[in-house]
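The next block holds one structure in the form of structure tokens; read it before the comments.
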Amino acid sequence: MASKYANMNTTILMAIFFLPTFPLGAVSGIINLSLTYWVDKYLILRRYCYPNGLSESLPLASFHIM
């Protein structure tokens, strides 16, 4: 995650640096940051998580023990 934040910081600084010569750089930087945010959010919430294998069997097993 540290490299991703470093890339975001680089994008912001480059967009600010080239703003006087290339005004569309700020727009492309904002689009880049928003796409990076949504891709990271999707990966963290959907791809990097795994289903709990004991979600249904654990309560039933503990109920039958007592």
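In this simple spin-label approximation, S28 and C49 carry label points 7 Å from Cα along the Cα→Cβ vector, and these lie 3.5 nm apart.
Leaving ligands and nucleic acids out of the surface, order I16, I44 by accessible area at 1.4 Å, largest first. Could you put the intermediate results ahead of the total?
On the way: I16 110, I44 85 Å².
Largest accessible area first, the residues go I16, I44.
Which value at 222 nm does the chain reach when only helices count, each DSSP H run of 4 or more adding -39,500 (n - 2.57), with the total divided by all residues and rounded to the nearest 500 deg cm²/dmol? Before the final figure, lay out the partial values.
Numbers: 3 runs with 44 residues, N = 66.
Roughly -21500 deg cm²/dmol at 222 nm, from the helical runs in the chain.
Between T21 and T36, the simple spin-label model (points 7 angstrom out along Cα→Cβ) gives 2.1 nm.
Per residue Cα convex hull volume for the chain, in cubic angstrom? Could you put the intermediate results ahead of the total?
Values: hull volume 5.8 nm³, N = 66.
Taking only Cα atoms, the chain has a hull volume of 88 Å³ per residue.
Accessible area per residue for the chain is 91 Å², calculated with a 1.4 Å probe on protein heavy atoms, without ligands, DNA or RNA.
Of the accessible area of the chain, computed with a 1.4 Å probe over protein heavy atoms only, carbon and sulfur atoms account for 73 percent.
The values are calculated or read from the model by the stated rules, or taken from the named source; none is laboratory data. This structure is a prediction, so every number in the text was calculated from the model and none was measured. Don't worry about glycine lacking a Cβ; one is built from the backbone with ideal geometry, like all the others, and counts go over all protein chains shown. All accessible areas refer to the heavy atoms of the entire protein, side chains included, with ligands and DNA or RNA removed. Shrake-Rupley method; radii C 1.70, N 1.55, O 1.52, S 1.80 Å.
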